[in-house]
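So the structure is just underneath, and the comments pick up after that.
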Amino acid sequence: MSLQYLKDAAASGDTEALIRYVRLHLGDGDEAKGRKEIDKAWIEALKPLLDLPPADREFIHETLTMKDLATLAHLFFDLHFYLVKQSGEWIHDGNL
Amino acid sequence: MTGTSSDREQLRPGLWATVNERYPGSMITKPDLVPLARLEKSLAQTRLTFVSTAGVQPKGTLPFDVVHPVGDYSFRRVPSTAEPADLEIHQLKYPTDGANRDLNVIFPIERLRELAAEGVVGGLTPDFFSFIGYNMDPERLERTLAEEIAAAVAADGAEAALLAPA
Amino acid sequence: MQRAIERRGVPTVSVTVARDVTEHATPPRAVFVPFMMGHHFGVPFHWDLQRRIVLEALDRLGKAERSGEIHDVPVTWAEARREGVAIERALGLRTERRPG
(Lines give C-alpha, C1' and ligand atoms only; values in the text may rest on other atoms or scores of the structure.)
Protein backbone atom coordinates (compact mmCIF):
# COMPACT_ATOMS: atom_id res chain seq x y z
CA MET A 1 0.00 0.00 0.00
CA SER A 2 1.21 3.46 -0.65
CA LEU A 3 1.89 5.61 2.36
CA GLN A 4 -1.19 7.74 1.65
CA TYR A 5 -3.33 4.61 1.65
CA LEU A 6 -2.00 3.69 5.09
CA LYS A 7 -2.41 7.19 6.46
CA ASP A 8 -6.00 7.30 5.21
CA ALA A 9 -6.63 3.92 6.81
CA ALA A 10 -5.19 5.15 10.12
CA ALA A 11 -7.35 8.28 9.99
CA SER A 12 -10.55 6.41 9.19
CA GLY A 13 -9.93 3.57 11.63
CA ASP A 14 -9.61 0.90 8.92
CA THR A 15 -7.81 -1.52 11.21
CA GLU A 16 -8.04 -4.37 8.73
CA ALA A 17 -6.03 -2.45 6.16
CA LEU A 18 -3.42 -1.54 8.75
CA ILE A 19 -2.92 -5.02 10.19
CA ARG A 20 -2.90 -6.44 6.69
CA TYR A 21 0.05 -4.21 5.93
CA VAL A 22 1.85 -5.24 9.10
CA ARG A 23 1.37 -8.91 8.21
CA LEU A 24 2.72 -8.29 4.71
CA HIS A 25 5.73 -6.45 6.11
CA LEU A 26 6.50 -9.15 8.67
CA GLY A 27 5.62 -11.99 6.30
CA ASP A 28 7.88 -11.02 3.43
CA GLY A 29 4.89 -10.08 1.27
CA ASP A 30 2.72 -13.04 2.33
CA GLU A 31 -0.10 -12.24 4.72
CA ALA A 32 -0.57 -15.82 5.97
CA LYS A 33 3.14 -16.07 6.71
CA GLY A 34 2.91 -12.72 8.47
CA ARG A 35 0.29 -14.07 10.87
CA LYS A 36 2.56 -16.99 11.71
CA GLU A 37 5.52 -14.65 12.18
CA ILE A 38 3.58 -12.61 14.72
CA ASP A 39 2.75 -15.77 16.67
CA LYS A 40 6.33 -16.96 16.38
CA ALA A 41 7.69 -13.76 17.88
CA TRP A 42 5.42 -14.05 20.91
CA ILE A 43 6.36 -17.70 21.41
CA GLU A 44 10.04 -16.77 21.31
CA ALA A 45 9.39 -14.01 23.81
CA LEU A 46 7.61 -16.41 26.15
CA LYS A 47 10.21 -19.17 26.16
CA PRO A 48 13.09 -17.37 27.88
CA LEU A 49 10.79 -16.13 30.64
CA LEU A 50 9.44 -19.49 31.75
CA ASP A 51 12.16 -19.99 34.35
CA LEU A 52 11.81 -16.45 35.67
CA PRO A 53 15.40 -15.41 34.88
CA PRO A 54 16.54 -11.99 36.13
CA ALA A 55 15.82 -9.24 33.64
CA ASP A 56 17.06 -5.67 33.64
CA ARG A 57 13.74 -4.20 34.69
CA GLU A 58 15.26 -0.88 35.59
CA PHE A 59 16.46 -0.49 32.03
CA ILE A 60 13.03 -1.45 30.74
CA HIS A 61 11.27 0.93 33.11
CA GLU A 62 13.62 3.75 32.19
CA THR A 63 13.18 3.09 28.50
CA LEU A 64 9.41 3.02 28.70
CA THR A 65 9.23 6.20 30.74
CA MET A 66 11.96 8.22 29.06
CA LYS A 67 11.72 7.34 25.39
CA ASP A 68 9.20 8.78 22.94
CA LEU A 69 6.43 6.83 21.27
CA ALA A 70 8.11 6.69 17.84
CA THR A 71 11.25 5.16 19.33
CA LEU A 72 9.27 2.64 21.34
CA ALA A 73 7.11 1.68 18.36
CA HIS A 74 10.24 1.26 16.27
CA LEU A 75 11.75 -0.86 19.04
CA PHE A 76 8.64 -3.05 18.92
CA PHE A 77 9.39 -3.81 15.28
CA ASP A 78 13.06 -4.38 16.08
CA LEU A 79 12.11 -6.78 18.88
CA HIS A 80 9.79 -8.69 16.58
CA PHE A 81 12.58 -9.30 14.08
CA TYR A 82 15.08 -10.05 16.81
CA LEU A 83 12.78 -12.67 18.32
CA VAL A 84 11.87 -14.37 15.07
CA LYS A 85 15.57 -14.58 14.31
CA GLN A 86 16.02 -16.33 17.67
CA SER A 87 13.62 -19.02 16.56
CA GLY A 88 16.04 -20.13 13.86
CA GLU A 89 13.24 -20.05 11.25
CA TRP A 90 14.19 -17.03 9.20
CA ILE A 91 11.79 -16.46 6.32
CA HIS A 92 13.39 -13.34 4.89
CA ASP A 93 16.18 -13.01 2.39
CA GLY A 94 19.20 -10.98 3.41
CA ASN A 95 20.38 -9.89 6.84
CA LEU A 96 19.03 -7.69 9.58
CA MET B 1 25.40 -25.14 -25.78
CA THR B 2 23.12 -22.21 -26.34
CA GLY B 3 20.38 -21.22 -23.96
CA THR B 4 16.76 -20.93 -25.00
CA SER B 5 15.17 -17.50 -25.14
CA SER B 6 13.55 -18.20 -21.78
CA ASP B 7 17.05 -18.24 -20.24
CA ARG B 8 17.21 -14.54 -20.90
CA GLU B 9 13.95 -13.75 -19.12
CA GLN B 10 14.00 -12.34 -15.63
CA LEU B 11 14.00 -15.05 -13.00
CA ARG B 12 11.07 -13.56 -11.10
CA PRO B 13 8.55 -12.75 -13.81
CA GLY B 14 5.86 -10.23 -13.09
CA LEU B 15 7.68 -8.74 -10.13
CA TRP B 16 6.24 -5.28 -10.66
CA ALA B 17 2.69 -6.60 -10.79
CA THR B 18 3.21 -8.82 -7.74
CA VAL B 19 4.62 -6.09 -5.55
CA ASN B 20 2.09 -3.54 -6.73
CA GLU B 21 -0.74 -5.95 -5.97
CA ARG B 22 0.44 -6.56 -2.44
CA TYR B 23 1.34 -2.95 -1.79
CA PRO B 24 -0.83 -0.94 -4.18
CA GLY B 25 0.62 2.39 -5.16
CA SER B 26 4.09 1.59 -3.90
CA MET B 27 5.67 0.77 -7.23
CA ILE B 28 6.96 3.55 -9.40
CA THR B 29 5.74 4.19 -12.93
CA LYS B 30 7.22 7.14 -14.77
CA PRO B 31 5.52 8.00 -18.03
CA ASP B 32 8.02 10.65 -19.04
CA LEU B 33 11.66 10.22 -20.03
CA VAL B 34 14.59 12.25 -18.72
CA PRO B 35 16.74 13.60 -21.58
CA LEU B 36 20.12 11.90 -21.69
CA ALA B 37 23.07 13.80 -20.26
CA ARG B 38 25.87 13.20 -22.75
CA LEU B 39 29.20 11.67 -21.85
CA GLU B 40 31.54 14.60 -22.59
CA LYS B 41 34.79 12.63 -22.78
CA SER B 42 35.84 9.07 -23.37
CA LEU B 43 35.28 6.59 -20.55
CA ALA B 44 39.05 6.47 -20.01
CA GLN B 45 38.93 10.16 -19.09
CA THR B 46 35.75 10.00 -17.02
CA ARG B 47 35.47 9.92 -13.25
CA LEU B 48 32.92 7.33 -12.24
CA THR B 49 30.82 6.84 -9.13
CA PHE B 50 28.73 3.88 -8.02
CA VAL B 51 25.33 4.09 -6.34
CA SER B 52 23.99 0.99 -4.63
CA THR B 53 20.49 0.18 -3.41
CA ALA B 54 21.65 -3.01 -1.72
CA GLY B 55 22.16 -1.68 1.79
CA VAL B 56 25.97 -2.03 1.79
CA GLN B 57 27.74 -0.01 4.46
CA PRO B 58 31.03 0.17 6.31
CA LYS B 59 31.19 -2.14 9.32
CA GLY B 60 30.72 -0.39 12.59
CA THR B 61 28.30 2.23 11.29
CA LEU B 62 24.67 2.34 12.37
CA PRO B 63 22.90 -0.36 10.36
CA PHE B 64 20.36 0.57 7.74
CA ASP B 65 16.88 0.36 9.17
CA VAL B 66 15.47 -2.85 7.74
CA VAL B 67 12.65 -3.31 10.27
CA HIS B 68 10.92 0.02 9.74
CA PRO B 69 7.49 -0.53 8.12
CA VAL B 70 7.85 2.49 5.85
CA GLY B 71 11.54 2.21 5.03
CA ASP B 72 14.90 3.91 5.47
CA TYR B 73 15.51 7.15 3.58
CA SER B 74 19.12 7.68 4.59
CA PHE B 75 22.27 7.00 2.65
CA ARG B 76 25.84 6.10 3.56
CA ARG B 77 29.10 6.93 1.93
CA VAL B 78 31.30 3.93 1.17
CA PRO B 79 34.93 4.87 0.45
CA SER B 80 35.85 3.61 -2.99
CA THR B 81 39.08 2.35 -1.42
CA ALA B 82 37.23 0.09 1.02
CA GLU B 83 37.90 -3.63 1.10
CA PRO B 84 34.88 -5.98 1.01
CA ALA B 85 35.99 -7.30 4.39
CA ASP B 86 35.32 -3.83 5.84
CA LEU B 87 31.75 -3.75 4.51
CA GLU B 88 28.52 -5.43 5.42
CA ILE B 89 24.99 -5.63 4.01
CA HIS B 90 21.75 -4.84 5.80
CA GLN B 91 18.60 -5.48 3.83
CA LEU B 92 15.85 -8.06 3.88
CA LYS B 93 14.39 -7.98 0.44
CA TYR B 94 16.55 -10.24 -1.66
CA PRO B 95 19.08 -13.04 -1.21
CA THR B 96 22.53 -12.01 -0.05
CA ASP B 97 24.16 -15.42 0.00
CA GLY B 98 26.16 -14.65 -3.14
CA ALA B 99 27.14 -11.22 -1.83
CA ASN B 100 28.10 -12.68 1.54
CA ARG B 101 30.67 -14.85 -0.21
CA ASP B 102 31.78 -12.26 -2.74
CA LEU B 103 30.47 -8.73 -2.30
CA ASN B 104 31.26 -7.90 -5.91
CA VAL B 105 28.19 -9.77 -7.13
CA ILE B 106 26.12 -6.87 -5.83
CA PHE B 107 28.71 -4.16 -5.09
CA PRO B 108 31.56 -4.60 -7.60
CA ILE B 109 33.99 -2.34 -5.76
CA GLU B 110 37.05 -4.43 -6.58
CA ARG B 111 36.16 -4.67 -10.26
CA LEU B 112 35.68 -0.90 -10.45
CA ARG B 113 39.03 -0.28 -8.76
CA GLU B 114 40.69 -2.61 -11.25
CA LEU B 115 39.14 -0.81 -14.19
CA ALA B 116 40.31 2.54 -12.82
CA ALA B 117 43.82 1.20 -12.21
CA GLU B 118 43.94 -0.13 -15.77
CA GLY B 119 42.81 3.18 -17.20
CA VAL B 120 39.62 1.76 -18.70
CA VAL B 121 37.79 4.24 -16.49
CA GLY B 122 39.34 7.66 -15.85
CA GLY B 123 39.00 7.38 -12.09
CA LEU B 124 36.58 6.85 -9.23
CA THR B 125 35.01 9.36 -6.87
CA PRO B 126 36.43 9.16 -3.31
CA ASP B 127 33.12 7.72 -2.08
CA PHE B 128 30.42 5.50 -3.45
CA PHE B 129 26.86 5.92 -2.27
CA SER B 130 24.65 3.34 -0.64
CA PHE B 131 21.06 3.16 0.55
CA ILE B 132 18.27 0.59 0.84
CA GLY B 133 15.97 0.37 -2.13
CA TYR B 134 13.01 -0.85 -0.09
CA ASN B 135 10.67 1.92 0.88
CA MET B 136 6.93 2.49 0.96
CA ASP B 137 6.99 6.19 0.21
CA PRO B 138 8.40 6.70 -3.27
CA GLU B 139 7.40 10.35 -3.19
CA ARG B 140 9.46 11.00 -0.09
CA LEU B 141 12.32 9.05 -1.64
CA GLU B 142 12.25 11.25 -4.70
CA ARG B 143 11.91 14.46 -2.77
CA THR B 144 14.59 13.81 -0.18
CA LEU B 145 16.99 10.93 -0.63
CA ALA B 146 17.14 10.98 -4.44
CA GLU B 147 17.93 14.68 -4.45
CA GLU B 148 20.48 14.34 -1.63
CA ILE B 149 22.36 11.58 -3.38
CA ALA B 150 22.16 13.31 -6.76
CA ALA B 151 23.56 16.50 -5.21
CA ALA B 152 26.34 14.58 -3.44
CA VAL B 153 27.24 12.69 -6.62
CA ALA B 154 27.54 15.94 -8.55
CA ALA B 155 29.39 17.74 -5.73
CA ASP B 156 31.92 14.90 -5.49
CA GLY B 157 32.87 15.42 -9.12
CA ALA B 158 31.29 12.35 -10.67
CA GLU B 159 31.22 12.55 -14.45
CA ALA B 160 29.24 9.33 -14.83
CA ALA B 161 27.33 7.05 -12.47
CA LEU B 162 26.72 3.32 -12.41
CA LEU B 163 23.74 2.18 -10.34
CA ALA B 164 22.75 -1.28 -9.13
CA PRO B 165 20.51 -2.92 -8.20
CA ALA B 166 17.95 -1.03 -10.12
CA MET C 1 17.15 8.41 -8.13
CA GLN C 2 18.92 7.69 -11.37
CA ARG C 3 16.77 10.28 -13.10
CA ALA C 4 17.67 12.89 -10.47
CA ILE C 5 21.38 12.30 -11.13
CA GLU C 6 20.89 12.48 -14.91
CA ARG C 7 19.01 15.76 -14.51
CA ARG C 8 22.11 17.22 -12.90
CA GLY C 9 24.07 16.50 -16.07
CA VAL C 10 25.79 13.30 -14.91
CA PRO C 11 25.17 10.46 -17.40
CA THR C 12 23.92 7.32 -15.65
CA VAL C 13 23.37 3.65 -16.33
CA SER C 14 21.85 0.98 -14.10
CA VAL C 15 21.91 -2.80 -13.95
CA THR C 16 18.61 -4.58 -13.45
CA VAL C 17 17.41 -8.14 -13.05
CA ALA C 18 13.75 -7.07 -13.04
CA ARG C 19 12.97 -5.93 -16.53
CA ASP C 20 9.30 -5.18 -15.80
CA VAL C 21 10.13 -2.94 -12.84
CA THR C 22 12.68 -1.06 -14.93
CA GLU C 23 10.23 -0.69 -17.82
CA HIS C 24 7.90 1.11 -15.41
CA ALA C 25 10.56 3.27 -13.79
CA THR C 26 12.07 4.34 -17.18
CA PRO C 27 15.60 5.25 -16.09
CA PRO C 28 17.75 6.98 -18.74
CA ARG C 29 19.95 3.94 -19.48
CA ALA C 30 19.74 0.39 -18.19
CA VAL C 31 21.15 -3.03 -18.90
CA PHE C 32 19.21 -6.19 -18.09
CA VAL C 33 20.80 -9.41 -16.88
CA PRO C 34 18.64 -12.55 -16.39
CA PHE C 35 20.14 -13.23 -12.97
CA MET C 36 18.82 -13.89 -9.49
CA MET C 37 17.93 -10.97 -7.27
CA GLY C 38 20.98 -9.83 -5.39
CA HIS C 39 23.34 -11.23 -8.02
CA HIS C 40 23.36 -8.38 -10.46
CA PHE C 41 26.99 -8.80 -11.38
CA GLY C 42 26.92 -12.56 -11.56
CA VAL C 43 28.24 -15.20 -9.20
CA PRO C 44 30.93 -15.31 -6.52
CA PHE C 45 34.56 -15.40 -7.66
CA HIS C 46 33.65 -15.16 -11.35
CA TRP C 47 35.69 -12.01 -11.80
CA ASP C 48 35.57 -12.05 -15.59
CA LEU C 49 31.79 -12.10 -15.64
CA GLN C 50 31.52 -9.38 -13.00
CA ARG C 51 33.88 -7.20 -14.99
CA ARG C 52 32.06 -7.92 -18.20
CA ILE C 53 28.71 -6.84 -16.78
CA VAL C 54 30.25 -3.63 -15.43
CA LEU C 55 31.77 -2.92 -18.85
CA GLU C 56 28.53 -3.70 -20.72
CA ALA C 57 26.78 -1.19 -18.50
CA LEU C 58 29.48 1.47 -18.82
CA ASP C 59 29.48 0.99 -22.57
CA ARG C 60 25.91 2.27 -22.68
CA LEU C 61 27.01 5.64 -21.33
CA GLY C 62 28.45 6.51 -24.71
CA LYS C 63 26.36 4.27 -26.92
CA ALA C 64 22.74 4.68 -25.76
CA GLU C 65 20.78 6.83 -28.15
CA ARG C 66 17.39 7.15 -26.51
CA SER C 67 16.41 7.69 -22.90
CA GLY C 68 14.58 4.75 -21.37
CA GLU C 69 16.27 2.01 -23.40
CA ILE C 70 17.04 -1.32 -21.77
CA HIS C 71 19.93 -3.21 -23.32
CA ASP C 72 20.14 -6.99 -22.94
CA VAL C 73 23.45 -8.42 -21.84
CA PRO C 74 24.02 -11.63 -23.83
CA VAL C 75 24.47 -14.05 -20.96
CA THR C 76 22.35 -16.64 -19.16
CA TRP C 77 22.04 -17.48 -15.49
CA ALA C 78 22.73 -21.13 -16.28
CA GLU C 79 26.06 -20.24 -17.92
CA ALA C 80 26.98 -17.92 -15.08
CA ARG C 81 26.34 -20.54 -12.44
CA ARG C 82 28.02 -23.33 -14.34
CA GLU C 83 31.14 -21.25 -14.91
CA GLY C 84 31.04 -20.04 -11.33
CA VAL C 85 30.97 -23.56 -9.95
CA ALA C 86 33.90 -24.54 -12.18
CA ILE C 87 35.88 -21.53 -10.99
CA GLU C 88 35.17 -22.32 -7.35
CA ARG C 89 36.26 -25.93 -7.84
CA ALA C 90 39.45 -24.74 -9.47
CA LEU C 91 40.04 -22.42 -6.51
CA GLY C 92 39.42 -25.28 -4.11
CA LEU C 93 36.39 -23.54 -2.62
CA ARG C 94 33.96 -26.25 -3.52
CA THR C 95 34.90 -29.83 -2.78
CA GLU C 96 31.59 -31.59 -3.17
CA ARG C 97 28.51 -31.21 -5.29
CA ARG C 98 26.01 -28.81 -3.84
CA PRO C 99 22.34 -28.65 -4.77
CA GLY C 100 20.98 -25.68 -6.70
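The values are calculated or read from the model by the stated rules, or taken from the named source; none is laboratory data. Values in this document were obtained by computation on a predicted structure and should not be read as measured data. Ideal geometry is used to build each Cβ from the backbone, glycine not excepted, and the neighbour counts take in all protein chains shown.
What about A:GLU44, is it surrounded by 15 or more Cβ atoms within 10 Å (Cβ to Cβ) and more than 30 Å from B:LEU15 (Cα to Cα)?
yes
Kindly indicate which of C:THR16, C:THR26 is at positive phi, touching a residue at least 40 places away in the same chain (Cβ under 8 Å) and surrounded by 20 or more Cβ atoms within 10 Å (Cβ to Cβ). Spell out the reasoning first.
On the way: C:THR16 fails: at positive phi.
One residue alone meets the criteria, C:THR26.
Among the numbered criteria (1) closer than 20 Å to B:GLU114 by Cα; (2) within 8 Å of chain B (Cβ to nearest Cβ); (3) of a type in the set (Lys, Arg), which single criterion is violated by C:ARG52?
With (1) closer than 20 Å to B:GLU114 by Cα; (2) within 8 Å of chain B (Cβ to nearest Cβ); (3) of a type in the set (Lys, Arg) applied to C:ARG52, the lone miss is (2).
If B:ASP72 meets every condition in (1) of a type in the set (D, E, K, R); (2) within 14 Å of chain A (Cβ to nearest Cβ); (3) within 25 Å of C:ARG29 (Cβ to Cβ) apart from one, which number is that one?
Failing condition for B:ASP72: (3).
Please find, among A:ASP30, A:ASP78, A:ASP39, the residue that is within 17 Å of the chain's Cα centre (by Cα) and at pLDDT below 95.
None of the other options fit; the residue is A:ASP30.
Where in the range B:1-85 are there strands (runs of 3 or more DSSP E), lying wholly inside it, with at least 1 residues that are among the polar types (S, T, N, Q)?
Values: elements: B:47-52, B:56-58, B:76-79.
Because the criterion is at least 1 residues that are among the polar types (S, T, N, Q), the strands (runs of 3 or more DSSP E) in the range B:1-85 that meet it are B:47-52, B:56-58.
So how many residues does the range A:79-96 have that are among the aliphatic types (A, V, I, L, M) and under 18 Å from B:GLN57 (Cβ atoms)?
1
Can you give me the number of residues within the range B:86-106 that are touching a helix residue (DSSP H, G or I) at 6+ places or on another chain (Cβ under 7 Å) and not in a strand (DSSP E or B)?
Within the range B:86-106, residues that are touching a helix residue (DSSP H, G or I) at 6+ places or on another chain (Cβ under 7 Å) and not in a strand (DSSP E or B) number 6.
Exactly one condition in (1) within 7 Å of chain B (Cβ to nearest Cβ); (2) surrounded by 19 or more Cβ atoms within 10 Å (Cβ to Cβ) is not met by C:ASP72; state its number.
If we test C:ASP72 against (1) within 7 Å of chain B (Cβ to nearest Cβ); (2) surrounded by 19 or more Cβ atoms within 10 Å (Cβ to Cβ), just (2) comes out false.
Can you name the number of the only condition in (1) more than 7 Å from chain B (Cβ to nearest Cβ); (2) surrounded by fewer than 19 Cβ atoms within 10 Å (Cβ to Cβ); (3) under 29 Å from B:GLN45 (Cα atoms) that C:ARG7 fails?
Exception for C:ARG7: condition (1).
Give the residue, chosen from A:GLN86, A:GLN4, that is within 13 Å of another protein chain (Cβ to nearest Cβ) and either in contact (Cβ under 8 Å) with a residue 40 or more places away in the chain or not small (Gly, Ala, Ser) (or both).
A:GLN4
Are there any pairs with C-beta distances below 8 angstrom linking a residue in the range B:79-93 that is at the interface with chain A (Cβ under 7 Å from one of its Cβ atoms) and free of Cβ contacts under 8 Å to residues at least 40 places away in the same chain to a residue that is surrounded by 14 or more Cβ atoms within 10 Å (Cβ to Cβ) and outside any loop (DSSP other than H, G, I, E, B), with the two at least 6 apart or on different chains, and if so which?
B:ILE89/A:ASN95; B:ILE89/B:ALA54; B:ILE89/B:VAL56; B:ILE89/B:GLN57; B:ILE89/B:ALA99; B:ILE89/B:ASN100; B:ILE89/B:LEU103
Among C:GLU65, C:GLU23, which is modelled with pLDDT under 95, more than 7 Å from chain B (Cβ to nearest Cβ) and part of a loop (DSSP other than H, G, I, E, B)?
The unique qualifying residue is C:GLU65.
Limited to the range B:121-155, what total is found for residues that are crowded, with 16+ Cβ neighbours inside 10 Å, more than 10 Å from every other protein chain (Cβ to nearest Cβ) and in a loop (DSSP other than H, G, I, E, B)?
2
Give the number of residues within the range B:95-120 that are at the interface with another protein chain (Cβ under 7 Å from one of its Cβ atoms) and among the β-branched types (Val, Ile, Thr).
Summing the residues that are at the interface with another protein chain (Cβ under 7 Å from one of its Cβ atoms) and among the β-branched types (Val, Ile, Thr) in the range B:95-120 gives 3.
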